[in-house]
Structure formats: C-alpha cells, structure tokens
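Just below is one structure, and these are the notes that go with it.
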Amino acid sequence: MTPPILRIAVPSPLYRLFDYLPPDGPHPEPRPGQRVRVPFGKGACVGVLVEVAQESAVPADRLRPAQAILDEAPLLPPELMNLLAWSCSYYHHPPGEVYTTALPVMLREGREASRRGELRWRLTDPGRLVDLATLKRAPKQGHLLAMLAQGERTTTELAAIVEQPLPVLRRLAEKGWVASEEQPCLSVPAASGTEMPPQLNSAQHAAVAALRAAAGRFKPFLLDGVTGSGKTEVYLQAIAPIIAAGQQVLVLVPEIGLTPQLVERFRRRFAVPMALLHSGLSDSERQCAWLMARDGHAPLVIGTRSALFTPLKHPGLIIVDEEHDISFKQQEGFRYSARDMAIVFARQLDIPIVLGSATPSLESLHNAQAGRYQLLRLPERAGSASHPVMRLLDVRQQPMQEGISEPLALLMRRHLEKGGQVLLFLNRRGYSPALICHDCGHVAECPRCDARLTYHSGQQRLRCHHCGTERPVPRQCPKCGSADLRPLGQGTERIEEGLKSRFPGVGLVRIDRDTTSRKGAMEALLQEVHGGEARILIGTQMLAKGHHFPEVTLVGILDADQGLFSADFRASERMAQLILQVAGRAGRANRPGEVVIQTHVPDHPLLRTLVESDYHAFAQAALVEREQAAFPPFSHLALLRAEAVDSAAPLAFLGAARHLAEGQAVAGVQLLGPVPAPMERRAGRTRAQLLVQSHARAALHRLLELWITQLEGLKEGRKVRWSLDVDPVELY
Ligand code: ADP
Ligand code: ZN
Ligand code: ZN
C-alpha cells in the first residue's frame, strides 16, 4: 500500500501547500488540524496538516518524510480548518501564513499543547530551617530559598532573580525544602455573577427575544442602537441562556474596546471562566485562554480581532461589538476582516451572530436593507438619559484662539459654571502638525515620507507619525538660517496649552497616545475625570470608545473638516462615526448633553444631514453617493499594492501585473491604475497601487485566483514588496 501524502501549510510566503510523506517510524495517525514538523529548505519548521491525499504532483523520489506529527488528535477542529481554507481562497493569501495566524505563538513554535497553569512555589517547614550559609557552594539554591522565605512566588517571578530556575527548584523539591502547586490557568474571581439584570425596555426586550429565538441555527443580526441605548445589556441577556445551556459565546471587540469596564460588566453578570484574548497577554496566558476555549472550559471568550481564530467546543453565539470599527480589519500580512469572517464562521457553525453598533458601517446597513441581516433597533437611550443636542458652529471669520472659537469658549464657560465637564475632541496629537519658518516658508518634512514632521513641544522633538523618524527641534531654519520657526496648525498638546491660559486654575486632562503610553497612565487620567478634579478633557479618538463620562455635558468637536476633503471614499463615513461616538460620551446620566461641531463648511450636505436628522439619514445619503460612484457596498474591490526603495520598480511591477490581468479577459472587472499611492513615499520606499473593481464578487474572485499565481512568477515582483488586499478599508 502506498503511504498517504500529507499536504501541509508551511509558514512561507508561497501560495501553495507542500507535500510530505508521513514520518518514518511510529507516529499518530495523520488527520487534518494536527501540527507537523517538517524539513523545509535547509532547516525545519512547524506547519499545519491541511489534507491527507492519496497522490502528489511531486515525483515520488523527491518527496521527503515529515519529521514528526506533533499532536495525537487534531489541534484545530474541522470547523476552524474550514474557515481557514475559506479565507485562503477568499483573501488569496499564502496558506502557510493563514494557518499559522490561527495558532498562539507557543503552539506555532511546536510546543506541547498543554494548559497546565504556572507553578507556584513555597518553602516547606524543613526548608525554613535550612541555614543558608551552608549553601555557599550552591548560590542559586541559596538565592531561591532566600526569596521564598519572603513569601510564595511563581516560576516566572523567580526567573527574575535566577536564570532558568526550574531545574534548581526541582533539586530543592527533591530535598524536601520547597513544594509547588499548579495555578489554575483561568480563574473565576470572587464576586463574579452577583449582579441582577435590570428590567429591559420594550426595544431591548424585542431584541433579546429575537436573538434567543434564533438559537441553534445560522442567522445574522444587526443590532443598531444609539450609544447608551443598552446594547451591552442586550448582549448580556442574550448570552445568559446560552451559557446556562453549557454553550460558548465569542465576543469580538475593537482594539481599544477591550476595557476593564467592559470585562467588569461581564464578570459582574456571569460567574464563569472567561478567556480574554488581547495584545497584553503573555504567550503562556494566551495559550491557556485558547486551549480553555477549545476544550469548552471557557463559556465566555472575549477578544480583539484575532480571537476569531479561537476554536470553540460548543459554540452558541458570536457577537461583534462596534462592528463598524476598522480595527477588525488586519492591515498587514494576512489582511482579513474579522467581522466579515465572523459571519462566514457563524454560517459554518450554524449559530446566530449579532453585529452591534451605534453607527453601523454602510456595508452592514446595506446588508440589513437587502434583508440579509435582521435589523434590531434600539432608538432610545436606556434609563432616563436623553439624546444630546447636536449643532454646527460656523467658524468662518470667527476669532479663533488655539483652535477654539469665541462662541465655543463662551459655551465652555457656561457649562463649567453649572458644574458640568467639557470634552474636546481633536484627532491629531502633538503640538502642531507642522513647523514653518516665518522668514522663508520652509516646512520641516520627513526625509523618508511625503509627510510633514509633527512638532511635539513637551519633548522638543519633531516626529513623523508615519514612519517614526524623530529629531530634535532645530534652533534655526535649515534653509535660510532664521530663528523664527513657528508651529503651524493645532494638535492636542497645543490645545491643552491654550486652554491653560484661557481657563487658568481649571483642572485639565489630555488623553492621547503620548499621555497614555506609560502603563497605568490611562487609568490615572480617567480617575481624575471620574473623581471630578478634571473639568476639561481634551483627546483624540482614544476617547471615543468604551468610556462613560456621566458628568460631561458639553462635547466640542474642534475640527470636522478633515474628513470632508480626504481622497478616501470612506472618510466621511469615518468622520460621522467618530463624531457620534464622541458625542455619545456626553450626558449619559440625567444631564442633557450638548454637542457642538466647529466647521468651515456649515453647508456641507452630509454634515447637515448628520446634525439635523441622525446617523441613519446620513448613512442613507452616503449610500446614495456610493451607489452613484459605484463604490462598495455597490461594487467589490481588491487593491494590489507594491513598494520598493527603487522608485521605478513599483509601477513597473504593477504595469506588468495589469498586463497579466488584461490577458485573463475576465468579463465585468475593471482595472484602475497603476497609480502612485496617495502618500507616494513612506519610510523610504516608493509606493504605488492598482485597484481592481467589479460589480460581481464572483467575477472579481475568478480573476484574482487566476492572477495571484501569475503574480508570484513575475520577474518584476522580485524587486518590490507586494501584497493583495481584498475588501480594502483604506485605499492607501
Ligand atoms: P450601549 O452598550 O448601547 O452603549 P449600555 O448597555 O452600556 O448601552 O447601557 C447604557 C447604560 O444604561 C448602562 O449604564 C446600563 O447599565 C444602563 N441600562 C441598560 N439597559 C437598561 C435598562 N433596561 N434599565 C435600566 N438601565 C439600563
Ligand atoms: Zn527659513
Ligand atoms: Zn516618515
């Protein structure tokens, strides 16, 4: 009998699986979803067994045996394997990178799939009596005993004083001087699950009833409810019976949405192990959470986009909160949309899925209107809070002082006098987005990007926000020698400085990436806001999500105009979403909120629609524009990007790529470009792009499938870094 062929996804940028023979000697029966160690090139690596085939296109004498099958049983369940196979063909991405993305790093490296918790060490009674002076010849043992004399420590904590403590600890344990206990890898904190759910209002009730009725089969929902309308409460009550029935719920949240407050709300409601998957985890914590979910021991799995790849033993429901958020789209490497893939996953698992947002993406609204998703609406704020009043403030010809117009300053004063807090939003950090020479007009630019350097006055640095280039602020203009260098435009730092002189003695906090990078800094700033010492908050989009500021009565959007004049067709949607998300922070308690938007274009139709009616009217108008321009969701896009140090190479590659695509003659597909990218130079590389557009998704994918393998072989491709982005969210 001929041996089976193992078709393996090997971490490599190549668009194919690799064939191997089973390992020599005894080995587990090969099954898809196992990890396999294989020889690759001159070394070896860990791949995922995708298929067990009967024959191979590779000649028999060139097939090599795998080194080992690492898992007795498949590590990745069939449903997840199906999802990954689907995404390889949908996103046209190398399978090796797709399959390994799904694994926590430690498993990717081939380590044992164990969810054993860490060991916690303590001294035994005999250990306490040891005279450390007798251990002079074994200093490591002495250090460890001395440390443990102060209290219990985990292996990781002990690794801080002795390198590789484990063998030493084992020796101490053999002598009977120390003992260890395994920590549970996920625990349920005390006081979990003590909160009683509130009585739902009628809209919430209808939403929960619809979600519960859909249990056990695929059905997508769009939960569309203004901020504070009680969406989270709907999730909690929809989840309860699923957990009670022993099933699992996967909750995907945006990158900055996984806040302690959110986790706290789930904890207060449910006394169950919760697997949290976010970027702050250590490798072993991640592996623990992943395996607990896979083995069905974590009923609740909450995480950011990559948590989608957590296998679930008893899946019951998927929730994608703030579904409009672009952090669900991975923007590099394997460019997938976790939101879109979640829908596909729910269909495969045959379970309901709910996408929730106060400002749904136009794609999802379109899907709801087309009847593909059931729409659940929560039109009113829960409890007694009322909607904030929103209006435009025409700043043309108004005196402005550091970004704030006279009328806005007056309003701020009024709200502060009445004891309210004021939130100001400007999505630009630093002091000013440019530094200009007043004598000759020279502007400091990034040497590696087509971008200006942002002036940071606190640290006296010029920084490029695109590539990280940094330099001290020059004393003189490098062009004319003048010392009169002036900041041009406003960033949050400058607004803060202006406010200090305008509102002396009024408590002020600034929340942006610069003020919150230190660990614990964000919590400290929020504490100042909630404690009431801070009366004015100024911040970037970091303020827009997850936080409740019940005492804020006035929200000022300092600059709405950026989003109206961008080259990106999604910019106005983004701006509207941001404005409403920020506005939603205000007046959540019983104080009515007021939202004021400074603009130079008060007649802009989209802005007017947004303030005079609501997000839905805005979305409707924006959808009409999209349809007229044949942009998504009325067409489907893929973007081929290329970049290189050699400035001619990207266009040469894309030109050749276009030629190949034309040769495929797939009907109904348009090629736009190649053109230089909107920011042509970035981090020292020249960038260009070719857009592929079609009204029919099937036609687009037919072309991409034929095209991608040809692109791999293009000789022009060797001089550039290129990537294909299906359903791009940013056309850069
Ligand atoms: P969203 O997720 O839509 O922003 P939340 O679920 O956070 O809304 O609800 C906003 C506030 O209203 C929270 O403080 C929540 O506890 C409260 N809330 C939600 N539903 C109800 C209800 N039915 N009765 C009373 N309070 C509610
Ligand atoms: Zn000058
Ligand atoms: Zn730069």
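The values are calculated or read from the model by the stated rules, or taken from the named source; none is laboratory data. All values reported here derive from a predicted model rather than from experimental measurement. With ideal geometry, Cβ positions are generated from the backbone for all residues, glycine too; neighbour counts draw on all protein chains shown. Accessible surface areas use protein heavy atoms only, side chains included; no ligands, DNA or RNA. Shrake-Rupley method; radii C 1.70, N 1.55, O 1.52, S 1.80 Å.
Report note on the peptides 126-132, 47-53: ranked by the mean count of other C-beta atoms within 10 Å, highest first, their order is 47-53, 126-132.
Gap in Å between the Cα centre of the stretch 276-312 and the Cα centre of the stretch 1-36? When both Cα centres are located, 26 Å separates them. Of all lysines in the structure, those lying under 17 Å Cα to Cα from Lys140, and not within fewer than 8 positions of it along the same chain, are Lys175. Rounded to the nearest 20, the size of the Cβ-charge dipole of the stretch 40-155 about its Cα centre is 840 debye, with Lys and Arg at +1 and Asp and Glu at -1.
Count the net charge of all other residues whose Cβ sits under 12 Å from the Cβ of Arg377, scoring Lys and Arg as +1 and Asp and Glu as -1. Taking every Cβ under 12 Å from that of Arg377, the sum is -2. Over the stretch 384-470, the pair-distance histogram of Cα-Cα distances with 10 Å bins from zero comes to 13, 30, 27, 21, 7, 1 percent, rounded to whole numbers. Mind running the shape call on the chain? Use the C-alpha gyration tensor, a ≥ b ≥ c as the square roots of the eigenvalues: rounded below 1.5 for a/c, prolate if a/b tops b/c, oblate otherwise. Here the chain falls in the rounded category.
Take every DSSP beta bridge whose two residues both sit in the chain, then give the antiparallel share in percent to the nearest 5. Close to 55 percent.
Measure off, as a whole percent, the carbon and sulfur share of the 1.4 Å-probe accessible area of the chain, all protein chains present.
Summing carbon and sulfur atoms, their accessible area is 51 percent of the total for the chain.
The listed residues His324, His297, once ranked by accessible area (1.4 Å probe) with the largest placed first, stand as His297, His324.
Database remark: amide H of Cys185 closer than 5 angstrom to the amide H of Gly117 (H placed geometrically; neighbours at sequence offset of 5 or more, or on other chains; Pro and chain starts carry no H).
Averaged per residue, the chain has 45 square angstrom of accessible surface, using a 1.4 angstrom probe with ligands and nucleic acids left out. For the stretch 500-616, the mean projected area of the C-alpha convex hull, equal to one quarter of the hull surface, is 8.8 nm². Hydrodynamic analysis of the stretch 155-232 uses the Kirkwood radius over alpha carbon pairs. Inserted into Stokes-Einstein at 20 °C and 1.002 mPa s, it gives a translational diffusion coefficient of 116 µm²/s. Taking the average, over residues, of other Cβ atoms within 10 Å as the packing measure, peptides 473-480, 137-144 rank 137-144, 473-480 from highest down. Between Leu129 and Gln670, the modelled label-to-label distance comes to 8.8 nm, taking each label 7 Å out from Cα in the direction of the beta carbon. Building the convex hull from the alpha-carbon atoms of the stretch 1-140 and averaging its projection over directions returns 13.6 nm². In the neighborhood of Leu499, defined by Cβ-to-Cβ distances under 13 Å, what is the net charge if each Lys or Arg adds +1 and each Asp or Glu adds -1? Counting the neighbours of Leu499, the net charge comes to +2.
List the residues of the stretch 496-528 whose backbone N lies under 19 Å from a point placed 7 Å from the Cα of Gln401 along the Cα-to-Cβ direction. The answer is 496-509, whose backbone nitrogens lie closer than 19 Å to the label point. Could you state the number of Å between the C-alpha centres of the stretch 91-153 and the stretch 347-414? Cα centroid to Cα centroid, the span is 48 Å.
Given contacts defined as C-alpha pairs under 8 Å and at least six residues apart, what's the relative contact order of the chain, whole-number percent?
Computed value for the chain: 11 percent relative contact order.
Here Cys288 sits with roughly 10 square angstrom of accessible surface, probe radius 1.4 Å. For the stretch 100-237, the relative contact order works out to 27 percent when only alpha carbon pairs closer than 8 Å and six or more residues apart are counted. Taken along the Cα-to-beta-carbon direction at a fixed 7 Å, the label points for Gln369 and Asn201 span 2.6 nm. Each part reduced to its alpha carbon centroid, the stretch 499-537 and the stretch 43-57 end up 55 Å apart.
Rounded to the nearest 20 debye, the dipole magnitude of the stretch 260-408 is 440 debye, with +1 charges on Lys and Arg beta carbons, -1 on Asp and Glu beta carbons, and the Cα centre as origin.
What the phi angles of the stretch 58-66 give under the Karplus curve with 6.51, -1.76 and 1.60, with θ = phi - 60°, is a coupling list of 7, x, 4, 6, 9, 6, 9, x, 5 Hz, glycine and proline written as x.
For Ala656, neighbours were defined as the other residues whose beta-carbon sits under 14 Å from its Cβ, and their charges (Lys and Arg +1, Asp and Glu -1) total +1. Computed from the alpha carbon positions, the gyration tensor of the stretch 557-664 leads to an equivalent ellipsoid with semi-axes of 39, 17, 12 Å, biggest first. When the alpha-carbon atoms of the stretch 679-732 are used, the pair Rg, Dmax equals 13.0, 37 angstrom. Remark: relative contact order (the stretch 22-180) = 20 percent; criterion is Cα-Cα distance under 8 angstrom and separation of 6 or more residues.
Would you work out which of Phe631, Ala368, Gly717 lies farthest towards the positive end of the dipole of the chain? Charges go on Cβ: Lys and Arg +1, Asp and Glu -1. Result: Gly717. By the Stokes-Einstein formula, at 0.890 mPa s and 25 °C, the stretch 48-103 with its Kirkwood radius over alpha-carbon pairs has D equal to 187 µm²/s.
Amide H contacts under 5 Å for Leu75: Gln34, Arg35, restricted to partners 5 or more places along the chain or on a different chain, H placed in the peptide plane at 1.01 Å from N.
Computed about its Cα centre, the charge dipole of the stretch 611-732 is approximately 620 debye, with only Lys, Arg, Asp and Glu carrying charge at their Cβ. Left without a cysteine partner by the 4.7 Å Cβ rule in the chain: Cys45, Cys88, Cys467.
Taking the square roots of five times each eigenvalue of the Cα gyration tensor of the stretch 273-395, the equivalent ellipsoid has semi-axes of 30, 18, 17 Å, listed largest first.
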